[in-house]
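To keep things clear, I will list the structure first and then write my remarks on it.
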Amino acid sequence: MSLPLLFSTTRLIAAWALASAWSVQVVMVAFGLKRLPSLLDSSSPSHPPAGTSIAVIVPACDEQQAIAACLQSLIDQDWPNLHVIAVNDRSSDTTGDIMTLLAGRYPDRLSVLQVTHLPEGWLGKTHAMAFAARHARSLFAPEWLLFTDGDVIFHPECLRRSLALAEAQQADHFVTLPTAVIQSAGEGILMAFLQVIGLWGARLWRVNDDAARDAIGIGAFNLLRTTAYEQVGGFERLRLQVLEDLALGRLVRNAGLRQRVALAPRFVQVHWATGVRGVLNTMTKNLFAIFQFRIPVMIAACCGLSFLCLGPLAGMIWRQTRLPSAIALVSIACIYQIAGRRLSRLRMLNVLGFPVSAVLFIYAIVRSTAVTLSNGGVSWRGTFYPLKELRRAALRLR
């Protein structure tokens with residue numbers, strides 16, 4: 001076989017492979033997301049058993065712009081047997097003062113813990129959550145613990161309905177999927193891409209299958225039975241996990257506990273970062289950690305993403321590969337439409353930014369790797385965490 005013919009055949013095979021992969025994915029997404037329960041369905045239970053108790057743990061470091069709205073939305077929840085524990089994690093701004101002021105107004109609903117020193121061998125967030133969980137369990141032993149972030153806004157019915165469905169499904173770990181708050185076109189384009197590409201790594205519809213190995217953990221809403229939290233070892237086992245929410249979900253799944261996920265558009269809202277640059281900067285901390293700080297895995301992921309996301313566009317150059325490439329592109333557009341309607345309310349027109357988002361995402365992965373290697377670790381919220389320790393912690397969870 002001549003070299004030109006070999007290249008032509010290889011291109012055609014690759015194009016049809018991409019068409020097949022995206023076509024299968026659109027079918028899986030369409031049927032899979034339809035199977036996910038929603039807190040808003042008329043058939044979904046709306047009230048948990050009377051007296052069901054929950055402690056909401058909110059760690060925050062330098063969140064003065066968002067913390068008041070977050071805590072007020074939790075204080076305003078319509079479930080009575082709830083107590084919020086806010087943790088001021090060494091903030092240098094007025095976060096602690098805002099927490100204390102609100103606690104003075106609502107002493108029966110909100111308590112504040114102050115962290116002034118980070119012990120060696122801990123990330124700030126995991127330490128704050130472990131500290132608050134110990135406090136909650138020792139003082140009033142709630143049946144459920146909800147771990148969230150200081151920039152999340154909750155619908156007044158969110159916790160009641162989430163508890164009701166979690167109890168009805170006998171869940172040990174329950175995730176109500178958050179809705180991204182979009183403040184610019186660039187944010188919408190990037191967040192829509194992350195949503196679509198994320199469905200390759202997190203098959204949400206498989207999480208509710210106890211026989212599957214798929215796991216989920218989302219920092220904005222990790223609801224656990226206290227007994228399950230204790231069984232998996234809590235955040236004491238995740239002291240140096242940068243992606244502690246994903247790691248917690250994996251611990252729960254590996255322990256054979258019942259994990260469930262549900263939809264609830266706009267019930268849990270979070271503005272992830274401001275503008276394209278803000279989103280990229282936030283990913284600098286996280287992306288290399290996804291690959292457990294392993295360079296070969298990171299390189300393989302970048303190559304795979306390039307092929308998966310940019311391959312269909314490249315295939316439109318050659319006449320013989322235009323049909324399969326068009327099939328792949330139409331499938332991508334369909335996934336944008338389905339995911340936007342079911343998950344986030346993000347517009348399908350964001351698909352026009354798909355190739356640019358793919359390039360930016362790959363750039364963010366490379367940047368995250370380069371910055372982490374160059375600095376010898378990760379800097380976050382004013383604290384530096386050495387790469388050697390982060391890698392050692394990642395190895396312990398493999």
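Side notes on the structure shown:
- Matching entry among Leu287, Leu305, Leu280, Leu257 (being part of a loop (DSSP other than H, G, I, E, B) and under 20 Å from the mean Cα position of the chain (by Cα)): Leu257
- Residue list for the range 49-79, filter: within 28 Å of His117 (Cα to Cα), hydrophobic (A, V, I, L, M, F, W, C) and in a loop (DSSP other than H, G, I, E, B): Cys61, Ala66
- Restricting the range 28-48 to residues that are hydrophobic (A, V, I, L, M, F, W, C) and outside any loop (DSSP other than H, G, I, E, B), the residue that is nearest to Arg161 (Cα to Cα) is Leu33.
Let's see how each residue does on (1) at pLDDT 95 or above; (2) surrounded by fewer than 16 Cβ atoms within 10 Å (Cβ to Cβ); (3) at negative phi:
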site: Val351; (1), (2), (3): no, no, yes
site: Ser357; (1), (2), (3): yes, no, yes
site: Ile362; (1), (2), (3): yes, no, yes
site: Val366; (1), (2), (3): yes, yes, yes
site: Ala370; (1), (2), (3): yes, yes, yes
site: Arg392; (1), (2), (3): no, yes, yes
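- All positions within the range 142-169 that are farther than 19 Å from Gly217 by Cβ and either buried (at least 22 other Cβ atoms within 10 Å of the Cβ) or more than 17 Å from the chain's Cα centre (by Cα) (or both): Pro142, Glu143, His155, Pro156, Glu157, Arg160, Arg161, Ala164, Glu167, Ala168
- Evaluated against (1) over 23 Å from Leu238 (Cβ atoms); (2) surrounded by fewer than 15 Cβ atoms within 10 Å (Cβ to Cβ); (3) among the basic types (Lys, Arg), Arg134 falls short on exactly one condition, (1).
For every residue, the table says whether it meets (1) touching a helix residue (DSSP H, G or I) at 6+ places or on another chain (Cβ under 7 Å); (2) closer than 15 Å to Thr52 by Cα.
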position	(1), (2)
Thr95	yes, no
Thr100	no, no
Ala103	no, no
Ser111	yes, no
His127	no, no
Gly150	yes, no
Glu167	no, yes
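- Which listed residue is in contact (Cβ under 8 Å) with a residue 40 or more places away in the chain and either in contact with a His (Cβ under 7 Å, 6 or more places away or on another chain) or of a type in the set (Ser, Thr, Tyr) (or both), from Gln241, Gln259: Gln259
- Ser344 under 24 Å from Leu204 (Cβ atoms), small (Gly, Ala, Ser) and either in contact with a strand residue (DSSP E or B) (Cβ under 7 Å, 6 or more places away or on another chain) or surrounded by fewer than 16 Cβ atoms within 10 Å (Cβ to Cβ) (or both): yes
- Check on Leu6, without any contact (Cβ under 8 Å) to a residue 60 or more places away in the chain, surrounded by fewer than 17 Cβ atoms within 10 Å (Cβ to Cβ) and assigned to a helix (DSSP H, G or I): yes
- Some residue of the range 57-70 being in contact with a strand residue (DSSP E or B) (Cβ under 9 Å, 6 or more places away or on another chain), β-branched (Val, Ile, Thr), buried (at least 21 other Cβ atoms within 10 Å of the Cβ) and farther than 17 Å from Asn222 by Cβ: yes
- When the residues of the range 173-199 are filtered to those that are of a type in the set (Gly, Ala, Ser) and surrounded by 18 or more Cβ atoms within 10 Å (Cβ to Cβ), the one that is nearest to Leu163 (Cα to Cα) is Ala180.
The values are calculated or read from the model by the stated rules, or taken from the named source; none is laboratory data. Since the model is a prediction, treat every value here as computed from it, not as a measurement. Using ideal geometry, Cβ is built from the backbone for each residue, glycine included, and neighbour counts are taken over all protein chains shown.
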